[in-house]
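The values are calculated or read from the model by the stated rules, or taken from the named source; none is laboratory data. Predicted model, so just to flag it, every value in this text is computed and none were measured. Please note: Cβ atoms are built from the backbone with ideal geometry, for glycine as well, and neighbour counts cover all protein chains shown. Ligands, DNA and RNA are excluded from the accessible area calculation, which covers all protein heavy atoms including side chains. Shrake-Rupley method; radii C 1.70, N 1.55, O 1.52, S 1.80 Å.
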Amino acid sequence: MRVSIIGSGYVGLVTGACLGETGNTVVCMDKDAQKIERLKEGELPFHEPGLATLVQKNLAEGRLSFTTDVQLTVRHGQVIFLAVGTPPRTNGEANLSAVEEAARAIGLHMDGPKVIVTKSTVPVGTVERVKALVGEKASHRFSVVSNPEFLKEGTAVQDFMRPDRVILGGDDAEAIALLRALYAPFMRREDRILVMDAPSAELTKYAANAMLAVRISFMNEIAGLCERVGANVEQVRRGLGSDSRIGNSFLFAGTGFGGSCFPKDLAALLHLGESYDLDLRTVRATLEANRAQKRVLLHKVRREFGEYLDGRVFAVWGLAFKPGTDDMREAPAVEIIEGLLARGAEVRATDPAALEAARQIFGNRIVLDRDAYALLEGADALVLVTEWNEYRFPDFERIRDLIRKPVLFDGRNIWSRSLVEGLGFTYHGIGT
Ligand SMILES: NC(=O)c1ccc[n+]([C@@H]2O[C@H](COP(=O)([O-])OP(=O)(O)OC[C@H]3O[C@@H](n4cnc5c(N)ncnc54)[C@H](O)[C@@H]3O)[C@@H](O)[C@H]2O)c1
């Protein structure tokens with residue numbers, strides 16, 4: 001099949017590469033010329049495990065190409081995916097201007113029938129909006145289907161290739177059949193395609209993210225309570241998660257959720273509710289709880305070192321909003337580092353993938369180093385923010401020898417309190 005993708009970020013590029021891998025001829029378009037130039041050389045503009053190999057292979061075999069030319073892109077695809085960004089406006093509402101721009105371009109340049117697929121996370125009613133915008137100039141038959149994406153950064157290729165489900169929202173049987181065929185290679189063991197009306201598909205994506213975020217915020221609150229009452233959130237988590245009605249995913253306490261999706265999508269969901277005069281209280285509370293949680297490590301630092309941190313040096317391990325990505329959008333590390341800097345501390349930080357992203361945010365206000373141990377020399381404490389695998393079993397004796405004060409703030413509960421306390425560290429976890 002001939003497939004076009006408008007917007008070649010995390011979602012667009014993974015979609016393009018995976019659909020190329022199953023034999024389709026895919027054109028990926030982006031308005032960011034620098035990104036496209038790098039992609040033409042097989043170079044990824046971001047970190048995503050397994051994606052570079054897939055892009056390079058499909059590029060070399062001629063199934064994947066990159067362009068900034070929207071006309072060429074629109075003409076190429078029988079199916080056109082919209083995977084542009086939908087960032088939040090200041091009131092939380094999703095900014096649909098990139099989706100709208102792409103829809104207008106499709107209407108303008110189409111030279112045959114098209115199936116247009118909204119893969120970006122978009123509020124209810126966007127399929128109708130896209131239909132209207134394409135329709136202003138369209139000279140051929142087209143239909144619009146909602147196909148929200150559920151991939152997770154860090155395991156995006158695997159998630160796309162083996163999805164829990166693929167949701168198709170629309171009422172054009174022919175378009176749905178075409179998309180069923182496109183997704184068939186990823187459904188070989190069992191059909192996991194759910195067809196529904198477009199508003200339900202659009203809302204499912206927001207509801208899924210909100211549900212996952214609710215679980216995280218709930219556990220973070222339980223962690224706070226554990227600290228007050230002398231319980232251990234890790235034990236509570238096991239006790240809770242083993243209940244088959246609850247399950248054990250998304251129950252880890254930590255420094256709050258970040259990333260490009262949860263905070264933005266919950267804000268957009270709240271805004272959607274408000275625009276229908278409905279206060280989504282659980283969603284509001286989840287966002288509030290998360291804002292507070294992002295400051296939890298700072299409170300712990302204050303309790304240990306006092307209000308003013310002039311002259312103190314903090315080493316931070318892990319900057320990306322989660323392991324496996326270089327994405328620092330809404331990352332808890334940003335809030336924590338800004339809080340330390342505001343109190344006069346010096347910050348030295350490392351991350352296996354996000355050093356460049358961190359440089360964009362902090363410039364030379366903090367020291368960035370690839371070597372996690374080099375940062376520790378003379379530091380007052382080590383603050384673990386992102387639980388990359390390489391931080392799970394560090395050389396604690398080496399850490400103790402390098403660091404000025406043997407204090408660990410473990411924002412993800414990945415270290416054993418008894419082990420590190422046995423080595424002479426003061427340990428602060430979350431709810432443990
Ligand atoms: N990142 C995720 O984990 C994830 C998961 C599921 C859904 N989503 C949703 O998918 C959408 C895209 O997310 P992302 O993380 O890939 O974003 P991203 O910022 O990585 O990529 C978006 C791309 O769209 C490009 N773009 C913007 N306007 C354009 C235009 N008019 N024409 C062509 N290209 C344009 C940008 O240059 C950028 O490269 C968002 O709605 C997001 O909420 C993201």
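Kindly provide the set of residues from region 174-200 that are assigned to a helix (DSSP H, G or I) and touching a Leu at 6+ places or on another chain (Cβ under 6 Å), ordered by number. First the steps, then the outcome.
Quick first cut of region 174-200, residues assigned to a helix (DSSP H, G or I) only: 174-186, 198-200.
ILE176, LEU179 - these are the residues of region 174-200 that are assigned to a helix (DSSP H, G or I) and touching a Leu at 6+ places or on another chain (Cβ under 6 Å).
If you go through region 236-264 and keep only what is outside any loop (DSSP other than H, G, I, E, B) and either over 30 Å from ALA83 (Cα atoms) or free of Cβ contacts under 8 Å to residues at least 40 places away in the same chain (or both), you end up with VAL236, ARG237, ARG238, GLY239, LEU240, GLY241.
Look through region 300-322, keep the residues that are crowded, with 20+ Cβ neighbours inside 10 Å and of a type outside the set (A, V, I, L, M, F, W, C), and return whichever of them is nearest to ALA213 (Cα to Cα). I'd like the intermediate steps shown before the answer.
First, pick out the residues of region 300-322 that are crowded, with 20+ Cβ neighbours inside 10 Å: 300-301, 309, 312-322.
Narrowing further to those that are of a type outside the set (A, V, I, L, M, F, W, C): 300, 312, 318, 322.
Working: LYS300: 23, ARG312: 34, GLY318: 21, LYS322: 14 Å.
Ranking the candidates gives LYS322 first.
Restricting region 60-102 to residues that are assigned to a strand (DSSP E or B) and more than 12 Å from the ligand (Cβ to nearest atom), the residue that is most open to solvent (accessible area, probe 1.4 Å) is SER65. Residues considered: THR325, THR282. Of these, the only one that is open to solvent by less than 20 Å² (accessible area, probe 1.4 Å) and out of contact with any Leu (no Cβ under 6 Å at 6 or more places or on another chain) is THR325.
I need the full set of residues from region 158-171 which are in contact with a helix residue (DSSP H, G or I) (Cβ under 9 Å, 6 or more places away or on another chain) and either crowded, with 19+ Cβ neighbours inside 10 Å or in a loop (DSSP other than H, G, I, E, B) (or both), in order please.
The first filter runs over region 158-171 and keeps only residues in contact with a helix residue (DSSP H, G or I) (Cβ under 9 Å, 6 or more places away or on another chain), leaving 159-163, 166-171.
Within region 158-171, PHE160, ARG162, PRO163, VAL166, ILE167, LEU168, GLY169, GLY170, ASP171 meet the criteria.
Looking across region 207-235, not a single residue is among the β-branched types (Val, Ile, Thr), surrounded by 15 or more Cβ atoms within 10 Å (Cβ to Cβ) and free of Cβ contacts under 8 Å to residues at least 60 places away in the same chain.
With the condition kept exactly as written, say whether any residue in region 110-130 is open to solvent by 40 Å² or more (accessible area, probe 1.4 Å), of a type in the set (Lys, Arg) and at pLDDT 95 or above. If you could, list the steps in order and put the result at the bottom.
Filtering region 110-130 for residues open to solvent by 40 Å² or more (accessible area, probe 1.4 Å) gives 111, 113, 124, 128-129.
Those left that are additionally of a type in the set (Lys, Arg): 129.
If we keep only those that are at pLDDT 95 or above too, we end up with 129.
Yes.
Within region 23-44, the residues that satisfy the criterion of being in a loop (DSSP other than H, G, I, E, B), surrounded by fewer than 17 Cβ atoms within 10 Å (Cβ to Cβ) and either within 10 Å of the ligand (Cβ to nearest atom) or β-branched (Val, Ile, Thr) (or both) are LYS31, ASP32.
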